[in-house]
Amino acid sequence: MLASWRARREAEAKRIAAEGDVTAENILAEGQSSALQTIANAQADARARLTSSNTAVRGELTIAETVSQRIQFQEEKRQGNIGAVVRQAAAELGGRDVPDREPDHDWTARFFNEIQDVSSGEMQTLWAKVLAGEVERPGSTSIKTLSILKNLDLVTATLFKTLCSACVSIKLDENQFIDARVPSLGRNAASNGLREYGLDFGNLNLLNEHGLIISDYNSWFDCRACIGVFSEGAKPKILRYPFSFQGRYWVLIPTAKRTVNREFKLSGVALTCSGQELSVIVGLEPMDKYSQALMEYFKANHLQMTEVASGQPMVIDSSP
């Protein structure tokens with residue numbers, strides 16, 4: 001406020017210096033006896049203000065110009081960040097069909113407010129996938145998840161990618177998870193049971209602090225549906241619900257030592273709702289060592305991890 005006020009004073013001084021003669025003539029015409037002295041003093045003061053290198057006016061003007069340039073630079077950079085994310089989202093969607101409706105306006109306002117200061121190319125890619133997913137599947141990412149993603153730095157995002165690469169996910173449809181977790185393979189994840197796979201206790205704590213995994217690192221979920229559950233009816237059938245791992249679909253086939261409908265507790269590090277939503281957009285990295293260990297873990301529980309073509313439930317004729 002002071003800078004603009006002083007700038008106006010400087011502008012007034014310049015006006016007096018530039019229009020001194022005209023002002024003098026007007027003052028003389030009005031019969032003011034002290035006009036010439038008034039004009040001379042004003043011009044001298046204006047010249048002094050303009051030529052002095054130490055005056056507060058020049059300093060404030062310089063600050064005002066700097067602030068204006070900084071604001072312009074910041075807004076241009078923000079617009080560039082928004083444009084980069086939108087272009088990547090458009091490329092992500094490509095020629096796919098999308099619902100003929102706009103995303104929620106509150107969601108959109110929050111999204112663009114969050115991405116304006118995202119300059120990292122890797123993080124812009126994540127945001128672009130979120131936008132593309134929301135356009136294609138409205139409601140796929142909550143406003144809360146946007147807040148979590150906003151505070152996600154590149155180190156944590158890379159660690160989350162490792163977690164998702166070892167994650168076993170069971171879903172009802174594209175937007176609805178039943179469960180998503182990294183099996184601890186019969187170990188204690190809270191006691192560094194997953195350290196050799198890049199998920200030691202410290203890393204899990206970091207992911208928990210960012211709201212991506214729950215605090216109980218050894219929670220469990222009954223995965224018997226992936227082995228098979230009996231459908232009701234005169235002629236019972238076995239339904240197997242595939243799970244996703246490493247971007248492929250799998251079911252568990254029991255050996256002769258295990259019954260189909262028996263409970264199977266899969267313990268490990270479970271993702272939060274926001275973690276589940278973000279896991280869909282995270283690219284996966286190869287986890288050969290963990291993949292082999294997971295198959296061996298299932299095998300030890302008399303289950304064969306078998307790949308299938310899709311995530312649709314499998315129906316098998318059988319008798320209980």
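Counting Lys and Arg as +1 and Asp and Glu as -1, what is the net charge of the other residues whose Cβ lies under 15 Å from the Cβ of residue 72?
So the surrounding residues net to 0.
Just order 304-316, 148-160 by mean Cβ neighbour count inside 10 Å, highest at the front, would you?
Ranked from most to least packed, the peptides come out as 148-160, 304-316.
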task = Show the residues, 5+ positions off or on another chain, whose built amide H is closer than 5 Å to the amide H of residue 167.
result = 246
Amide hydrogen neighbours beyond the local backbone of residue 308, cut-off 5 Å, H modeled = 249, 250, 251
key: Point-to-point label distance, residue 109-residue 291, nm (Cα→Cβ direction, 7 Å offset)   = 4.6 nm
message = List the residues, sorted by chain then number, that are 5 or more residues from residue 175 or on another chain and whose placed amide H is less than 5 Å from its amide H.
response = none
message = Using the Cα centre of the range 97-186 as the reference point, and only Cβ charges (+1 on K/R, -1 on D/E), how large is the resulting charge dipole? Debye, rounded to the nearest 20.
response = 400 debye
ask   = When ranked by the protection proxy of mean other Cβ atoms within 10 Å per residue, highest first, what sequence do the peptides 210-222, 125-137, 257-269, 63-75 form?
value = 125-137, 210-222, 257-269, 63-75
message = Please enumerate, by chain and number, the lysines with C-alpha under 21 Å from the C-alpha of residue 265, excluding those fewer than 8 residues away in the same chain.
response = 171, 257, 299
key: Order by protection proxy (mean Cβ within 10 Å, highest first), peptides 181-188, 248-255, 112-119   = 181-188, 248-255, 112-119
ask   = Where Rh denotes the Kirkwood radius from the mean inverse Cα pair distance, what is Rg over Rh for the range 220-295?
value = 1.02
ask   = Over all distinct Cα pairs, what is the inverse of the mean 1/r for the range 66-127, reported as the Kirkwood hydrodynamic radius in Å?
value = 13.1 Å
key: Label-to-label distance, nm, for residues given as residue 68 and residue 259 (7 Å Cα→Cβ offset)   = 8.3 nm
request  = Quick one: what are the phi-derived ³J(HN,Hα) couplings along the range 272-281, Karplus 6.51/-1.76/1.60 with θ = phi - 60°, whole Hz, x for glycine and proline?
outcome  = 6, 4, 5, x, 4, 4, 6, 5, 5, 9
key: Centroid-to-centroid separation of the range 274-320 and the range 200-248 [C-alpha atoms, Å]   = 9 Å
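None of the figures in this text is laboratory data; all of them are computed from the coordinates on show. Everything numeric here is computed off the predicted structure, so don't read it as measured data. Please note: Cβ atoms are built from the backbone with ideal geometry, for glycine as well, and neighbour counts cover all protein chains shown.
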